[in-house]
Amino acid sequence: MELRGRFGYFSAAGSTDDPRMRRLTQHLPPDYAARLLEAQDAGASDRELRGIVAEGLQEVYYKDSGNRAQGLEVELLDIDFFDASF
């Protein structure tokens, strides 16, 4: 998927938590993609869908699948552009 959105960050003291606009291109693991599609089919709100995308990006992109940024939480506040391929 590719997106441009405003991300909020919650992390340990001494690091910034200011929301930032980011453009990211990232493959989500199949379980996150499945959750996203199932939620969309079930009529989930935009906020709920953003939460699934944010959680997937948090784990894969920001935390590098558990190799860094322990304790970081990411929130996708706004989406300016979104494109997904399955």
Checklist entry - Which value in nm describes the separation of the simple spin-label points at ASP78 and ASP18, placed 7 Å from the Cα toward the beta carbon? => result 1.6 nm
Item to check | Calculated from backbone phi, Karplus (6.51, -1.76, 1.60) coupling profile of region 27-33 in Hz, x at Gly/Pro | outcome: 7, 8, x, x, 5, 6, 4
Checklist entry - Out of region 30-86, which trypsin sites (Lys or Arg not before Pro) are coil in DSSP terms and have no more than 15 other C-beta atoms within 10 Å? => result ARG68
Next on the checklist: I'd like to check one number: the per residue accessible area of the chain, probe 1.4 Å, reported in Å² as a whole number.
Outcome noted: 64 Å²
Next on the checklist: Using only the alpha-carbon atoms, how far is helix 46-57 inclined from the longest principal axis of the chain? Give it as 0 to 90 degrees, nearest 10.
Outcome noted: 60 degrees
Item to check | Structure-derived Rg and Dmax of the Cα atoms in Å - corresponding label in (i) 12.7, 41; (ii) 13.4, 42; (iii) 12.5, 46 | outcome: (i)
Next on the checklist: If you roll a 1.4 angstrom probe over the protein chains with everything in place, what fraction of the accessible area of region 34-86 belongs to carbon and sulfur, to the nearest %?
Outcome noted: 43 percent
Checklist entry - Which residues' amide hydrogens lie under 5 Å from the amide hydrogen of ASP78, considering only partners 5 or more residues apart or on another chain, with H built in the peptide plane? => result ARG6
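The values are calculated or read from the model by the stated rules, or taken from the named source; none is laboratory data. As the structure is a prediction and not an experimental result, all values here were calculated from the model. FYI the Cβ positions are ideal-geometry reconstructions off the backbone, even for glycines, and counts take in every protein chain you see. Heads up: the accessible areas ignore ligands, DNA and RNA and are worked out on the full protein's heavy atoms, side chains in. Shrake-Rupley method; radii C 1.70, N 1.55, O 1.52, S 1.80 Å.
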